[in-house]
Amino acid sequence: MAALDPHSFTNASQPRTKHVSLSLYLDFSTSIIHGSGLLLLESPHRGPFSLDTRSLTIHGVIDPTTRASLPFTLSSPDPIKGSELSVTLSDHSSFLISYSTSPSSTALQWLQPPQTSAKTHPFVYTQCQAIHARSVFPCQDTPAVRIRYSALLNIPSELSAVMSARHVQRRSPKKDEALDVVTPSPWFAEGRVVEEFEMEQTVPPYLFALAVGALGNREVGPRTTVYAEDVASVLDSAAAEFANTEDLVKEGESLFGAYEWERFDLLVLPPSFPYGGMENPRMVFLTPTVIKGNESGAEVVAHELAHSWTGNLITNKNNEHFWLNEGFTTYAERRIVEAVQGEEIAALYNGIGWRGLIEDVERFKDNLEFTKLKNNQEGIDPDDVFSQIPYEKGFQFLWRIERQIGRPAFDEFLKKYIATFKFQSIDTETFLDFLKANIPGIENQIDLVRWTEGTGIPPDAYEPDSAIYKQIVSLANEFKNGKIPSEDEVADWQGLQWELYLESLPEPIDASQVNTVFSDS
């Protein structure tokens, strides 16, 4: 097998999937999706064809034209990659798979009513990054493969659905549209509706996303609607928090070029969502903890928005080059924040990031491979080595280039980079070749190999330098002497300042220090 990705069974010598048509019956009573997927390939293929699956039951594979069964095998599970589905094709360019998910699907989070805000209806959502789309549908689950997709979601009529795709219509189920779903009768059962979606731009499979629940919405801009559980207080708070989202989108466009995804909608998930946000195109998923009543959640939104150019539009080829997604996005996010909220706020985020980078480099001191930007993840679950390093060391690398050539030149370079590689998946070498071609001699000014393949923090990385950053770090350093900030010193602090202060406290801190400080206060 010609390996394409250490986390995928996808064979580089086989054609790539270009479109997937899904029919999905969501059974909340069993926490299972019964589905069919019609895969369309770039070219006909003869012989075995490999797909990724995890915890899927494969009911059958057929030729969609002749309805003849196609031979397939499903391997025993690999603890990281799941099971390889191998389908034997005879010059086929399309085939249809009938399957069911498992309640243990790593991408699907099924919530019972008590786990939601309203506590009246169930809820389900997906989290497919990094390698979990394969537990929702069989696919070439690697960011090296970009697909278009359509989906029919058959759901209870009291619920509604959103996806990382254009909503086409909500309607009654149609006869024969789900012929190969293993539960054909319930598809037409009373009390069921179909929500239809279409994703016309190519995306890596990890950006496939759906959520179904009792949803309401508030329109907050010409390209943005905020969705959440249909609870007035939740919707009103979310709408107020994200009222200025259009300003962020416009600023992103001025910095990085046209916004290519038409909509930038936001879904505030129930409290169990374990991430700050997920950059699903057209429908960003957000934790409710970003709703703080002071618009400070804009930084999380800015990060997910920045992914619209760096990550979604240009994608890392596999997770060994994850910094191409997250380092660029962290840089882009902070440029948006700086433009909208000012240099001092951006400096605070830079400072928090710097502290996080130091902490995670220390965390991997016994496995320095994962302090590299480009690293070897063969036999490694990407979820096990997730850290701030690709975010913050990647940011530092791009900031270093900006300081070397100046911001105007770097801005011009960024726009050209995005325009050149949009809707493509690339690796570190592709980026470095482009960098050297467009900024001649840069390799003689910056040690590019040290930055991308070296361990730890390079000596020419840059600790943020601003008055408010220095003040907060100085106050944090004084903690070891038993001094805490005075009321006057912290009178104007909000969550961001306190976060940097707490991140900067010397370690370790023992109980006696805490007791001394607070007894004196």
For the stretch 306-367 and the stretch 154-213, what is the separation of their Cα centres, given in Å?
35
How much net charge surrounds SER466 when only other residues with a Cβ under 10 Å from its Cβ are counted (Lys, Arg +1; Asp, Glu -1)?
-2
Give me the percent of the accessible area of the stretch 421-486 that comes from carbon and sulfur atoms, probe 1.4 Å, all protein chains in place.
48
How big is the stretch 49-105 in terms of Cα radius of gyration and Dmax, in angstroms?
11.9, 36
Could you tell me what a quarter of the Cα convex hull surface of the stretch 139-202 works out to, in nm² with one decimal place?
5.1
Whole Å is fine, so just give me how far the alpha carbon centre of the stretch 412-429 lies from that of the stretch 91-130.
33
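Of all alpha-carbon pairs in the stretch 289-445, indicate the percentage at a distance above 21 angstrom.
47
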Nonlocal amide H pairs with THR315, under 5 Å, H built at 1.01 Å
GLN424, SER425, ILE426
Report ³J(HN,Hα) in whole Hz for each residue of the stretch 192-204, in order, from the Karplus equation J = 6.51 cos²θ - 1.76 cosθ + 1.60 where θ = phi - 60°; Gly and Pro get x.
10, 10, 10, 9, 10, 9, 9, 10, 8, 8, 7, 9, x
Please report Rg over Rh for the stretch 183-293, where both radii come from the alpha carbon positions and Rh follows the Kirkwood definition.
1.01
Once amide H atoms are built 1.01 Å from N in the peptide plane, which residues 5 or more positions from ASN11, or in another chain, come under 5 Å H to H?
SER50
The computed P(r) of the stretch 26-158 puts the percent of Cα pairs beyond 23 Å at 37
Would you mind getting me the FRET efficiency between VAL182 and THR455? Use the beta-carbon distance for r and R0 = 56 Å, nearest 0.05.
0.65
Convex hull volume per residue in cubic angstrom - Cα atoms of the chain:
162
Ranked output for segments 414-424, 386-396 by mean other Cβ atoms within 10 Å, highest leading, reads 386-396, 414-424
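Roll a 1.4 Å probe over the protein chains and send me the accessible area per residue for the chain in Å².
Values: 20780 Å² over 521 residues.
I get 40 Å² per residue for this part.
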In the stretch 162-255 the accessible area split gives carbon plus sulfur, as whole percent at 1.4 Å, a share of 47
Let me test this: with uniform point scatterers at the alpha carbons of the stretch 15-65, what is the Debye-based log₁₀ I(q)/I(0) at q = 0.20, 0.22, 0.23, 0.26 1/Å?
-0.88, -1.02, -1.09, -1.28
Separation in nanometres of the label points that stand 7 Å from Cα toward Cβ, at SER157 and ALA243:
3.8
Roughly speaking, to the nearest percent, how much of the stretch 1-142's 1.4 Å accessible area is carbon and sulfur?
53
Extreme residue, positive dipole direction of the chain, given options GLN341, GLY191, GLN471 (C-beta unit charges)
GLY191
Between GLN396, THR57, ILE358, whose Cα lies farthest towards the positive end of the dipole of the chain when Lys and Arg beta carbons carry +1 and Asp and Glu beta carbons carry -1, centred on the Cα centre?
THR57
Residue-by-residue Karplus 3J(HN,Hα) for the stretch 434-450, coefficients 6.51, -1.76, 1.60, Hz, glycine and proline x:
5, 4, 5, 6, 9, 10, x, x, 4, 5, 8, 9, 10, 6, 5, 5, 4
Does a label point 7 Å from the Cα of LYS250, set along Cα-to-beta-carbon, have any residues of the stretch 295-329 with amide nitrogen under 15 Å, and which are they?
none
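Using the Cα atoms as the points, what is the convex hull volume per residue of the stretch 120-264 in Å³?
Here the figure is 137 Å³ per residue.
Please compute the net charge surrounding ARG67, taking Lys and Arg as +1 and Asp and Glu as -1 over other residues with Cβ under 15 Å from its Cβ. Let's see the in-between values first.
Details: positive: none; negative: ASP63, ASP176, ASP180.
That sum, taken over residues with Cβ under 15 Å, equals -3.
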Any residue on another chain or 5+ positions along whose placed amide H is under 5 Å from the amide H of ARG166 is listed here as GLU198, MET199, GLU200
Rounded to whole Hz, the Karplus (6.51, -1.76, 1.60) HN-Hα couplings of the stretch 251-257, x for glycine and proline:
5, x, 5, 5, 8, 10, x
Where Rh is the Kirkwood radius over the Cα pairs of the stretch 285-330, the temperature 25 °C and the viscosity 0.890 mPa s, what D in µm²/s does Stokes-Einstein return?
214
The Cα extents of the stretch 399-459 along the principal axes, largest first and rounded to whole Å, are 32, 26, 18
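The values are calculated or read from the model by the stated rules, or taken from the named source; none is laboratory data. As the structure is a prediction and not an experimental result, all values here were calculated from the model. Using ideal geometry, Cβ is built from the backbone for each residue, glycine included, and neighbour counts are taken over all protein chains shown. In case anyone asks, the SASA skips ligands and DNA or RNA and just uses the protein heavy atoms, side chains included. Shrake-Rupley method; radii C 1.70, N 1.55, O 1.52, S 1.80 Å.
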